[in-house]
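The values are calculated or read from the model by the stated rules, or taken from the named source; none is laboratory data. From a predicted model like this one, the values you see are computed outputs, not experimental measurements. Virtual Cβ from ideal backbone geometry, glycine too; neighbours counted across all protein chains shown.
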Amino acid sequence: METARASLVGAFSAEPEGWGPSTVFHILRDVLSDKTVATADSGAHRILLSQIWHCPTPRTLLQSSGLCTMGCALPLGAGHKRTEPDTPVVVFVGDAGLEMGLGELATLRDLKLAVIVVVLVDASLALIELKQRAGQRSNAGVDFGETDFVAVAKALGGVGAWVDDAESLRLEAEAALSRDTFTILACRIMMGRSELKSREAAQGASSTQIARTAMALMSANCALRPAPRRSRRK
Ligand SMILES: Cc1ncc(C[n+]2csc(CCOP(=O)(O)OP(=O)(O)O)c2C)c(N)n1
Ligand SMILES: [Mg+2]
């Protein structure tokens, strides 16, 4: 069991380049106390987060494990903060998932729920792109524009910050903990050529490979499009 645990930790360590979704999750796990309750939406980010996020006590990572619906992480986090105001709550969500439920931010404002919302901004439905790639298909309907989540936070009564490096993430997360309103930490996920190869492993991959590929997708999605076109059947 210990060997398995050690190999899991090794398989999902922070990116050697110093930035990427894996680093985001590791840093926040380090900054946020053990009593923090995290929630996760559906998407590539959740697959990776689920491998990395260490839960010292039960029921401290909440997610939709049955229907796997997008848009659930924010209301899950809001509900938890409402019932336990002294517990730090962090919401992990993809950019599309957050766009689905932007109105929930107004609820955070109105109920004065100081939730930390970490959005992984990759301008992609990364998990669906992964499936298209696994089927050797080119991108179809999975790319979209980058939303200014910092402006969105301000417009809805919270505070937002773009985060592109580990040190800023640490500082912004600490600042968020002392706020009495919600904070959006908009983590831009940059492309990285070294991760591209992992994406190739998506076909017929084990769950560990899929999680790693999901991580690569989030790190490198922009660089991969458009994918080579498949010849169409007549
Ligand atoms: C309500 C709902 N619609 C569609 C899906 C299918 N789905 C699962 S993940 C995903 C993409 C999510 O994109 P994003 O929120 O940006 O997260 P990412 O995969 O990029 O991390 C989609 C469309 C779903 N699970 N729930
Ligand atoms: Mg996305």
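Count of the stretch 167-184 residues, restricted to those that are surrounded by 17 or more Cβ atoms within 10 Å (Cβ to Cβ) and either touching a Lys or Arg at 6+ places or on another chain (Cβ under 6 Å) or of a type in the set (Ser, Thr, Tyr) (or both), is 1. Only one entry in Gly79, Gly71, Gly101 is more than 11 Å from ligand 1 (Cβ to nearest atom) and surrounded by fewer than 21 Cβ atoms within 10 Å (Cβ to Cβ), namely Gly79.
Summed over the stretch 118-143, residues that are touching an Asp or Glu at 6+ places or on another chain (Cβ under 9 Å), within 12 Å of ligand 1 (Cβ to nearest atom) and not small (Gly, Ala, Ser) total 8. Residue pairs whose Cβ atoms lie under 7 Å apart, separated by 6 or more positions or on different chains, with the first residue in the stretch 147-166 and within 13 Å of Gly103 (Cα to Cα) and surrounded by 14 or more Cβ atoms within 10 Å (Cβ to Cβ) and the second charged (D, E, K, R) and at pLDDT 95 or above, are Leu156/Arg109; Gly157/Arg109; Gly158/Arg109. Each residue in the stretch 82-98 was checked for being within 13 Å of Val119 (Cα to Cα), in contact with a His (Cβ under 8 Å, 6 or more places away or on another chain) and more than 13 Å from ligand 1 (Cβ to nearest atom), and 0 pass. When each of Glu174, Glu104 is tested for being touching a Leu at 6+ places or on another chain (Cβ under 8 Å) and more than 16 Å from ligand 2 (Cβ to nearest atom), the lone residue that passes is Glu104.
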